[in-house]
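Worksheet: the structure to be examined is printed underneath.
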Amino acid sequence: MAGTAPWAVVFGGPSPEHEISILTGLQAERVLTAAGHSVVPIYWSPTGEWYRVPDATEAKDYLEGAPRDSVVLEARVSGEPGLYRRKKFGAERLEIEAALLCLHGGVGEGGGAAAVFSLMGIPSTGSTLFAGAVGMDKLAFGGLMHAAGIPSLPREAVSTIVEPSFAGPYIVKPRFGGSSIGIEIADDVDAARALAATSVHLRTGAVVEPYRPELVDLNIAFRTYPSLEITPLEKPLRGDAGSALYSYAEKYLAGGAGAEAGFMSAPREFPANVPDAIHAKARELAERVAEVTRLTSIVRVDLLLDEKSGDLFVNEVNSIPGALSLYLWAPLQPAATVLLDALTEARDRRVVFPQAGFGGGAALRAAGGIAGKLVGLDGPRA
């Protein structure tokens, strides 16, 4: 049964992809509003503050932080959890049916926001904390693909004590970052290590994989509600023929200004002009990624194609993709339907963390005095 509370659209967040998240959120707000739905836009600042922002703001309104006339919110995870509007005397809880998370990269896409909203008792789109974390961790995701037998390029952590098992040149990527920011090319392992030590995007962890300039990018998306559905395949086109990588600027800034810029109007072949066998293989790989990762909602899978051999590799997964990949869904479903289905899935799935253990107190009763458990833990005696 449909609820009566409005949907929330949440965007921003502490992430290098903060600005792209704003654009996605503003676009999603307009899509839902134009379809007749009541929407509460919520902005998460880079420093962690939450705001209920005015309706129908523009991208330029966020150049200096939260827009004028925004209202500060409190996020409560205990007592009476939820998002609260501060008032002169006390606070008023926002009634929200479910939240559409438009948070790219960082803790938002990595599962942190899913955990926070679960603790606040607000159903939210995107995947669970656990699936989102694996999707954001490039090393873990690469290991999962390898374990599942899904074709992907070798990927290993940049280490100061272990040499890569494959020769350079390398692509060096942030282990916990998005799919575009902080990516570099290194000729050898020493250069990769130097980048990992000096780049602000790589200091928290970096991975290397073979640099193969002959490979081309392909993208495909899936959604998991009302059933698994997969989009046509797209081939992004690089604006600079000499560009070694599909860059952040090409992906997000090539289309001009406004909430529908960049990822909506960047050059692409859609559907991709590739053999039918590649389209079929891409769909198969998307199905396998959905099954093994347990990612839910709207997900984009980034692929790499060797056009000479026909080999297709899974490169990365985006559990909250730019523009929520609405442009990929256009031939299949209206944008409002895609967003509404994601919100409905979130509301009906409603992840709730267990409130207590399952031991029935047996471990606590058997423990006896804690002092006895400390014997041997205080190190060697003189």
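Going through Arg203, Arg175, Arg212 one at a time, which residue ends up being of a type outside the set (A, V, I, L, M), open to solvent by 30 Å² or more (accessible area, probe 1.4 Å) and farther than 24 Å from Ser21 by Cα?
Working: Arg203 fails: farther than 24 Å from Ser21 by Cα; Arg175 fails: farther than 24 Å from Ser21 by Cα.
Of the residues listed, the single one that is of a type outside the set (A, V, I, L, M), open to solvent by 30 Å² or more (accessible area, probe 1.4 Å) and farther than 24 Å from Ser21 by Cα is Arg212.
Which of the residues spanning segment 321-337 are open to solvent by 10 Å² or more (accessible area, probe 1.4 Å) and either more than 16 Å from Thr231 (Cβ to Cβ) or assigned to a loop (DSSP other than H, G, I, E, B) (or both)?
Matches in segment 321-337: Ala330, Pro331, Leu332, Gln333, Pro334, Ala336.
Say we look at segment 16-37 and pick out the residues that are open to solvent by less than 20 Å² (accessible area, probe 1.4 Å) and in contact with a His (Cβ under 8 Å, 6 or more places away or on another chain); which of these is modelled with the lowest pLDDT? I'd like the intermediate steps shown before the answer.
So the first thing to find is which residues in segment 16-37 are open to solvent by less than 20 Å² (accessible area, probe 1.4 Å), and the list is 17, 20-22, 24-29, 32.
Filter once more, keeping what is in contact with a His (Cβ under 8 Å, 6 or more places away or on another chain): 17, 20-21, 24.
Numbers: Glu17: 92, Ile20: 95, Ser21: 96, Thr24: 97.
Top of the filtered list is Glu17.
Is it the case that some residue within segment 149-170 is of a type outside the set (Val, Ile, Thr), within 22 Å of the chain's Cα centre (by Cα) and at positive phi?
So far as segment 149-170 goes, no, none of its residues is of a type outside the set (Val, Ile, Thr), within 22 Å of the chain's Cα centre (by Cα) and at positive phi.
Could you say which residue among Ala272, Ala346 is open to solvent by less than 60 Å² (accessible area, probe 1.4 Å), touching a residue at least 24 places away in the same chain (Cβ under 8 Å) and closer than 23 Å to Ser21 by Cα?
Working: Ala272 fails: closer than 23 Å to Ser21 by Cα.
Exactly one residue qualifies, and that residue is Ala346.
Quick check on my filter: what residues within segment 138-151 are in contact with a Gly (Cβ under 8 Å, 6 or more places away or on another chain) and either surrounded by fewer than 21 Cβ atoms within 10 Å (Cβ to Cβ) or part of a strand (DSSP E or B) (or both)?
Leu139
Among the numbered conditions (1) within 18 Å of the chain's Cα centre (by Cα); (2) at pLDDT below 95, tell me where Asn219 comes up short.
Checking Asn219 against (1) within 18 Å of the chain's Cα centre (by Cα); (2) at pLDDT below 95, the one that fails is (2).
The values are calculated or read from the model by the stated rules, or taken from the named source; none is laboratory data. What you see is a predicted model; the values in this text were computed from it and never measured. Cβ sites come from the backbone with ideal geometry, for glycine too, and all protein chains shown count toward neighbours. The protein model used for the area step is the full one, side chains on, heavy atoms only, and it has no ligands, DNA or RNA in it. Shrake-Rupley method; radii C 1.70, N 1.55, O 1.52, S 1.80 Å.
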